[in-house]
Amino acid sequence: MRSTRGRAEAPRGLVAATLALALALAFAPACSEKLPAPIPSASPEGAAPKRGGVLELATFGDVRSLDPANITDGLAPQIIEQVFAGLVDYDKDGTIQPDIAERWVIADEGKTYRFFLREGVRFHDGEEVTADDVKRSVERALHGSARNPAASYYSSIVGFDALDAKEAESLPGVVVEGRYVVAFHLSKRDATFLRVLAMLPLRPVCKSGGARTSASWHPCGAGPFKLPPNGWQRGQQLTVVRHDGYFRPGLPHLDGVRWTLHQNQSSQTFKFMRGDLDIVRDFATPELLRFQADPRWKPFATYDEAHQILGEAMNVQIPPFDNVEIRRAVAAGIDRDALRRIRASNLTATNQLVPPGVFGHDTDLHGQRSDYEAALEHMRRAGYPYDPVTKTGGWPHVIPYLVYKQGLQEFMGQVLAQQLEKIGLRIEIRIVNYPTFIALRGRRDATAFGPGFWLQDFPDALSFLEPIFHSKMIADEGTNNWSFYKNPRIDDLIDRAHEELDDERRKKLYSEAQEILTDDAPWAFSQNFRFYTQRQGYVRDHHSHPMWMHELKRTWLDRAAGPVAGRAIFSEKGLAALLGTDVRR
Amino acid sequence: MKRVLRRLAWAAFVMWATVSVAFLVNNALPSDPARMVAGQQAPPAAVEKIRKQLGLDQPLRVQYVLFLRRLVHLGPSSIAGPSDPEHGSCANLGALHVDLGRSYQQQRPVTTILAERAPRTLLLAFTAAIVQALIGVTAGVIAAVKKRKTADRVAVGLSLLGVSAPTFVIGLLLQWVFAFKLRLFPIDGYGNTTAEHAASLVLPAVTLGVFGAAYYTRIVRDEMIGELSHDYVRTARAKGLGKAAVVVRHALRNATMPIVTIFGLEVGTLVGGAIITESVFRWPGIGSLSVNAMLDRDGPVIMGCVVVTSAVVVLSTLAVDLAYVILDPRVRRG
């Protein structure tokens, strides 16, 4: 063999220039091209919903399991919500509403919840949903054999510990009081109980789901859509179809919903522009900005309320962050607005832990403020004064800042390093992959500093306070309290809030806790992340949902025209057409 | 025969070494598969419970021995069923069982997942290998025959572009032109029918084959230029044989040895290198599976991908060795 692979025999520069020119010529039309107009709706505003059509969605992610008792990825909830109805559910504003249970009564000073089920609610297999099914599904989801990461949310149910430890096979705290009446008895008052019950893990499953979880079970519930036998082609697409026996008359309007899985952002945008996708959320920032800037698309765009906090988590057990003044210096020294501009389309600056879309957010909270002079003062009080004129002083060592590759936080870390250098804190960015990042951040004494981020599990401040800052969450491995922060006052406030059923009093406890965290600064709270959703004009009555991304029960399709096929040159003449393939799919 | 047996023994050793190193590296990484299963926000107690369920609380050497013992073992000649705790995740070849365990994330037998995915990647790799061989050999022969003429310069120039362009750029370019603008092919995916599979295969196969085609062009051109300068070519022409016959029947045949070598090795390389192409085109094969398994730290699936990929590379190398024996009498004579 006379040549070896990869050996270039011509001037590389010439090749690179030619290649760059070719690519520029090829992609130039794509970049400068005007966006196609939204495909309009056939009916005027206020028209009655039409039945039919399959809503096309896409995602970069994948689904691991559709068993409500085993949810471990971010995509499954929006699908499971369509397949499984709950006793209660969240509406599009995040408020608890009746679902299979038409009403409920709270008794025994908040330690008993009694639910009265609607009669005639049918599973996808035609069986009626009864209180027995509720109890069986709860025990199935909370038994120790189930791989249910959310099980501990229900630890207040009487008998939970024994069932979780596989020392018991039933849950005495869930009592069937009649065919349509079921009571949950709690060992203590739990302000979050209805909120976590409205989550997915305890949703009633068909009798085919059995008494214990099984990986081979075909998902079957009582939700508005059902999974047909070949509806899930793993790693490719997932389709659910209308459950004609759904208990809400006339709903859903759609024949089905199809999720294309593992589709990258550029392909999603191509398909959306062609009219082959109906809704897009996974935008690359440049494309997002193009849609935002186009007034024709504006009526069909929405921003979610923020339910996610981003910040800088400091390990209070590792120097220099064992010094509260250093932590305060970081909280004051970061320029939140500059960080926001890194992705202004999705970020909003914040000064507190609880995002605006979550109960417990306090608009009157003073919170952490960006204040350069104050930051310098905190450095002085810490014993490490920094002179910005001579650029001398500050913490004498370089602080490792752990971040994961290709995340938003990687870019924010670059700006953060420049900001902190101005107050005398020099950080060195260490980039690892995501699994390594998660493992190291949750390990005691492994990392001093890095980005912190948290998304609500349910829309209440406890969903943030407890996992991130309660000392009982500290472990040598796998903790979510990345600051290893331990404060008896915070623990007490969280514990009291957990049992406080009065919303106003609980909100005051949250505010008090937030005041302490503002001052103690285990995190420098920095940004809230908001998703942007763009839909085609013919997608009617669609709403972003604070828990399930999409509210689809009432969504309907009213397409006035086909896809933007007129723009295609060989739309009906291509190889795929010759082969009998619909290339628009 | 002795040579073949020696090669087989060597192949088995390479397989064992590759799999063992991959196992150790996978477990040495500072990450927590149980955390990845539970989700980033799961409480520590839930993570710990899942760690025990997966057997990750066992010492590494115990996990390794268990892995090897299960990987290939003897068992009943048919699997009792998914509920069979002993053989529920086995693929059985008569009494011989291959067991890669269950995916941490999907909770399905890895052999089942690989049985779905591997044929798709092999189809993609073989198609890409054929694409690159056809384009590369044709362009290389034309370049050699038209040496230092326009056709030669165009072929060489394009081959340099082909080896220089990153795969994902080529993929996106083809996607944009042929799927988005011209609508000749699906943007991505695998399709549901044979016709859809065929249409979906074209762009990823070309994308995957571009680098190799460019490389083949260079190799074939060099080999052919060498062959065309030999005396036997002049003799054949002097005897009145047509130019095309000389080039195809004589020179090209003699230039095929390195091409066969590369073709065999390329199939293995393409299987391993399909990661980016599969990700761009959402082709549900081993490449995209292994990327996701790495991101999820899904150990059994990672090991399954390593076993399949290394087996393909080892077997294709073996096939090349055997092809030498068939094609070259000197090798047969030892």
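Values in this text are rule-based calculations from the coordinates and carry no lab data. Computed from a predicted model, the values in this text were never measured in an experiment. Neighbour counts are summed over all protein chains in view; Cβ atoms, including those assigned to glycine, are modelled from backbone coordinates with ideal geometry.
Once the convex hull of the C-alpha atoms of the stretch A:308-529 is built, how many Å³ does it hold per residue, rounded to a whole number?
Details: hull volume 24.5 nm³, N = 222.
Residue-normalised Cα hull volume stands at 110 Å³.
Give me, ordered by chain and number, the residues 5 or more places off residue A:386 or on other chains with an amide H under 5 Å from its own placed amide H.
Amide H neighbours of residue A:386, under 5 Å, 5+ apart: A:380, A:394.
Can you pull a Stokes-Einstein diffusion coefficient for the stretch B:113-333 at 10 °C (1.306 mPa s), Rh from Kirkwood over Cα pairs, as a whole number of µm²/s?
Details: Rh = 18.9 Å.
Translational diffusion coefficient: 84 µm²/s.
Excluding residues fewer than 8 places away in the same chain, name every one of the lysines whose C-alpha is closer than 16 Å to that of residue A:50.
Those lysines meeting the cut-off are A:553.
Compute the signed sum of charges (Lys and Arg +1, Asp and Glu -1) over the other residues within less than 12 Å, Cβ to Cβ, of residue A:453.
Net local charge, residue A:453 excluded: 0.
Go through B:263, B:314, A:446 and say which Cα lies farthest out towards the positive end of the charge dipole of the protein assembly as shown; charges sit on Cβ, +1 for Lys and Arg, -1 for Asp and Glu.
B:263
In peptide A:227-240, how many Cβ atoms from other protein chains are near each Cβ within 10 Å, on average?
Details: counts 0, 0, 0, 1, 0, 0, 5, 7, 12, 7, 5, 0, 0, 0.
Average neighbour count from other chains, rounded to a whole number: 3.
Within 10 Å of each Cβ of B:30-37, how many other protein chain Cβ atoms are there on average? If you can, show how the numbers build up before the last one.
Working: counts 8, 9, 9, 2, 3, 8, 5, 6.
Across B:30-37, the average partner-chain Cβ count within 10 Å equals 6.
Once you mark the GluC sites (Glu not before Pro) that are in a DSSP loop and have at most 16 other Cβ atoms within 10 Å, what is the longest gap between them in chain A?
On the way: sites that count: A:9, A:33, A:45, A:119, A:127, A:167, A:169, A:477, A:572.
The longest uninterrupted stretch comes out as A:170-476.
Can you tell me which lysines have their Cα less than 22 Å from the Cα of residue B:181? Leave out same-chain residues fewer than eight positions away.
Reachable lysines: A:34, A:271, A:573.
Pull out the extension gain between residue A:292 and residue A:91, defined as 0.36 nm times the separation in residues minus the alpha carbon to alpha carbon distance; nm, one decimal. Don't jump to the answer; show the numbers that get you there.
On the way: separation 201, 0.36 × 201 = 72.36 nm, distance 2.68 nm.
This chain segment gains 69.7 nm when fully extended.
Let me know the mean shielding of B:280-288 by other chains, meaning the per-residue number of their Cβ atoms within 10 Å of its Cβ. Please report the intermediate quantities before stating the final value.
On the way: counts 3, 2, 11, 3, 7, 1, 0, 0, 3.
Mean partner-chain Cβ count within 10 Å for B:280-288: 3.
Among A:555, A:392, which comes first, then next, by fewest other beta-carbon atoms within 10 Å? Write down the numbers at each step before the final one.
Working: A:555 23, A:392 10.
Fewest to most other Cβ atoms nearby, the residues stand as A:392, A:555.
Average the reciprocal distances over every distinct pair of alpha-carbons in the protein assembly as shown, invert the result, and give the Kirkwood radius in Å. Please report the intermediate quantities before stating the final value.
Details: mean 1/r = 0.0324 Å⁻¹.
The Cα-based Kirkwood calculation yields 30.9 Å.
Just to confirm a number: summing +1 for Lys and Arg and -1 for Asp and Glu over residues other than residue B:141 whose beta-carbon lies under 13 angstrom from that of residue B:141, what do you get?
Values: positive: B:146, B:147, B:218, B:221, B:243, B:249, B:253; negative: B:152, B:222, B:223, B:227.
Residues close to residue B:141 contribute a combined charge of +3.
For the stretch B:108-186, take N as its residue count and report Rg(C-alpha) divided by 2.2 N^0.38 Å. Intermediate results must be reported in sequence, preceding the final value.
Details: Rg = 17.4 Å, N = 79, 2.2 N^0.38 = 11.6 Å.
Against the compact-globule rule of thumb, the ratio is 1.50.
For the stretch B:119-237, max minus min Cα coordinate along each principal axis, in Å, sorted largest first?
55, 26, 21
Please state the charge dipole magnitude for the protein assembly as shown, taken about the Cα centre, from unit charges on C-beta atoms (+1 on K and R, -1 on D and E), reported in debye and rounded to the nearest 20. All intermediate terms of the calculation are to be shown ahead of the outcome.
Values: 107 positive and 94 negative charges, 1075 e Å.
Value, rounded to 20: 5160 debye.
Excluding residue B:295 itself, calculate the net charge of residues whose Cβ lies under 11 Å from the Cβ of residue B:295, where each Lys or Arg counts +1 and each Asp or Glu counts -1.
After counting each charged neighbour, the total is -1.
Lysines near residue B:52 by alpha-carbon distance under 20 Å, same-chain residues fewer than 8 away left out - which ones?
Cα-Cα hits under 20 Å: A:166.
Could the peptides A:235-248, B:130-143 be put in order, highest first, of the mean number of other beta-carbon atoms found within 10 Å of their residues?
Numbers: A:235-248: 18.9, B:130-143: 21.4.
Those peptides, ordered most packed to least, come out B:130-143, A:235-248.
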